[in-house]
Structure formats: C-alpha cells, structure tokens
1. Any residue that is among the aliphatic types (A, V, I, L, M), touching a strand residue (DSSP E or B) at 6+ places or on another chain (Cβ under 9 Å) and surrounded by fewer than 18 Cβ atoms within 10 Å (Cβ to Cβ) - is there at least one of those in segment 13-30?
2. Out of the residues in segment 156-169 that are in a strand (DSSP E or B) and among the aliphatic types (A, V, I, L, M), state the one that is farthest from Gly133 (Cα to Cα).
3. With respect to Arg170, determine if the residue is open to solvent by 40 Å² or more (accessible area, probe 1.4 Å) and either closer than 19 Å to Asn87 by Cβ or of a type in the set (Lys, Arg) (or both).
4. For residues that are open to solvent by less than 40 Å² (accessible area, probe 1.4 Å), under 28 Å from Ala227 (Cα atoms) and in a loop (DSSP other than H, G, I, E, B), tally how many sit in segment 53-79.
5. Please state which of the following conditions Thr150 fails to meet, knowing it meets all the rest: (1) under 23 Å from Asn212 (Cβ atoms); (2) more than 17 Å from the chain's Cα centre (by Cα).
6. Given the conditions (1) touching a Leu at 6+ places or on another chain (Cβ under 8 Å); (2) among the polar types (S, T, N, Q); (3) buried (at least 16 other Cβ atoms within 10 Å of the Cβ), which single one is not true for Thr115?
7. Residue by residue through segment 195-219, note down the ones that are touching a residue at least 12 places away in the same chain (Cβ under 8 Å), out of contact with any Gly (no Cβ under 8 Å at 6 or more places or on another chain) and either open to solvent by 10 Å² or more (accessible area, probe 1.4 Å) or aliphatic (A, V, I, L, M) (or both).
8. Does Pro48 satisfy being at pLDDT 95 or above and surrounded by 23 or more Cβ atoms within 10 Å (Cβ to Cβ)?
Amino acid sequence: MKSVVVVFPGSNREKDMADALERASGHRPQLLWHKETELGKPDLMVLPGGFSYGDYLRCGAIAAHSPIMKEVIRLAKAGTPLLAVCNGFQMLVETRLVPGALLRNASLKFICKQTHLRLESESKTFTGKMKTGDVIHVPVAHGEGNYVVTPDMLKSMNDNGQVAFRYCGRDGRELVDINGSVDSIAGVYNETKTILGMMPHPEDATDATLGNDSAKPFFDGIVTAIAR
C-alpha cells in the first residue's frame, strides 16, 4: 500500500500517523513536504495533526492553500481516499471537502485528554474492520474542535450516513459533550465516504506497548479496503 502523509510547518503527528500505518500495512508511508506539487498515485493520502503555520490566522486556513493542497483536492475529488486528523480536519473544512466548520472549543480552553468514540456510520474505505456502535478509546488534543453545521445540512448528513464518529461514554450508550460540537460529532465523511475528517487522534491508539491499541481495527480496516 502506498500512502502519503503531507507535512506542514507546525505538523506534530506525522510520525505517529506513519507509525500507525506501518504497523497496519507493513509499509512505511512517504512523508511529503507541503511545498511539493506532485503526489504521484498514492492509495491513501493523510493530512496529520499539529499546528500548521502556528494556527496564527485560523486553524488550517493557511495550510489549505499550501502548494500540495491543489493536488490533494484534485485527487480526493477523483476518489483517492483521504484521511484528515485534527489540524488536517480543519484543513478539510477550509477547502470544503467536507461540510461544516470548526470553531474554538466551547470552554475556550485547549483540550488534551482521553475520550471514547462511537462509530455512527460505516465506510468501506475506512471502517471495514468495525461495525456501527463499536467504541474506541483515543486521545484528543485541540483548541478549535467545536464542529458546527446548519440544521438542514445536519439532517442531510444524518440521512446520508455522513456522521462517522460521535464522542461518547465508555460503554457507548450516552453521548458526551467534549468541546461543544453539535450532536457530539467527532468525525464526518464526504458524500461518497472516501474522505474522513476527525478531531481525535486514532494514530495514538495503535500500540499495545504504549497502553492503548483500541484503534488498531480502524487502521486494519483502511489497509484491507485499499489492498483489495
């Protein structure tokens, strides 16, 4: 599997993501600097977490216009799978590849903690080793993760199965308000479910030696789907 992780000035999760993908696939992803303009023909593209350009304007706003993003957008619209986590998710909403917007956390404080996610809707591309209702335990680390969307768009997303993950309690029965996100939404798909943006960090929950590998099925599912 050929995967590419795009690196921006201020990225800080690119190696964690590369490690997670390598554990699942046996192949080390390419780390590609944002000033490049060609991606080749990757099987998977990833926009990692971090603080691109220091988050000095609006999180993800400057990175969304980096040279490589023109090609990322083109390939994503053509169907190449794209996973975007935290700062990467912020880039997605800035480029309109997924609906909605991400605002300051309702608490106006940076949140860094462990949380639980419930899979709301399955995707052949991303969740082939999971089923609706499954719960994974992953960390969050963000200051602007408050997901907002208009009521009409939210209804459309629910109807289309575009809500991927919601924040929940340990057993998955109750939803949890982590950052003010509407309906406790933690991750969303595009209409064809080939693009996934999420605020939590599944890449940091894939190594049992570090005490948490609950997101291993998530990455195994991606590899299985792409290897077909």
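1. Here is the first cut: in segment 13-30, the residues among the aliphatic types (A, V, I, L, M) are 17-18, 20-21, 24.
So of that shortlist, the ones also touching a strand residue (DSSP E or B) at 6+ places or on another chain (Cβ under 9 Å) come out as 17-18, 20-21.
Adding the requirement that they be surrounded by fewer than 18 Cβ atoms within 10 Å (Cβ to Cβ) leaves none.
Among the residues of segment 13-30, not one is among the aliphatic types (A, V, I, L, M), touching a strand residue (DSSP E or B) at 6+ places or on another chain (Cβ under 9 Å) and surrounded by fewer than 18 Cβ atoms within 10 Å (Cβ to Cβ), which makes the answer no.
2. Of segment 156-169, the ones in a strand (DSSP E or B) are 163-168.
With the extra rule that they be among the aliphatic types (A, V, I, L, M), the set shrinks to 163-164.
Working: Val163: 12, Ala164: 11 Å.
My answer is Val163.
3. Values: open to solvent by 40 Å² or more (accessible area, probe 1.4 Å): yes; either closer than 19 Å to Asn87 by Cβ or of a type in the set (Lys, Arg) (or both): yes.
Criteria met by Arg170.
4. 2
5. (1)
6. Against the list (1) touching a Leu at 6+ places or on another chain (Cβ under 8 Å); (2) among the polar types (S, T, N, Q); (3) buried (at least 16 other Cβ atoms within 10 Å of the Cβ), Thr115 comes up short only on (1).
7. Scanning segment 195-219 gives Ile195, Asp204, Ala205, Thr206, Asp207, Asn212, Ser214, Ala215, Lys216, Pro217.
8. Details: at pLDDT 95 or above: yes; surrounded by 23 or more Cβ atoms within 10 Å (Cβ to Cβ): yes.
The answer is yes for Pro48.
The values are calculated or read from the model by the stated rules, or taken from the named source; none is laboratory data. Computed from a predicted structure; not experimentally measured. FYI the Cβ positions are ideal-geometry reconstructions off the backbone, even for glycines, and counts take in every protein chain you see. These area figures cover heavy atoms from the full protein model, side chains too; ligands, DNA and RNA do not enter into them. Shrake-Rupley method; radii C 1.70, N 1.55, O 1.52, S 1.80 Å.
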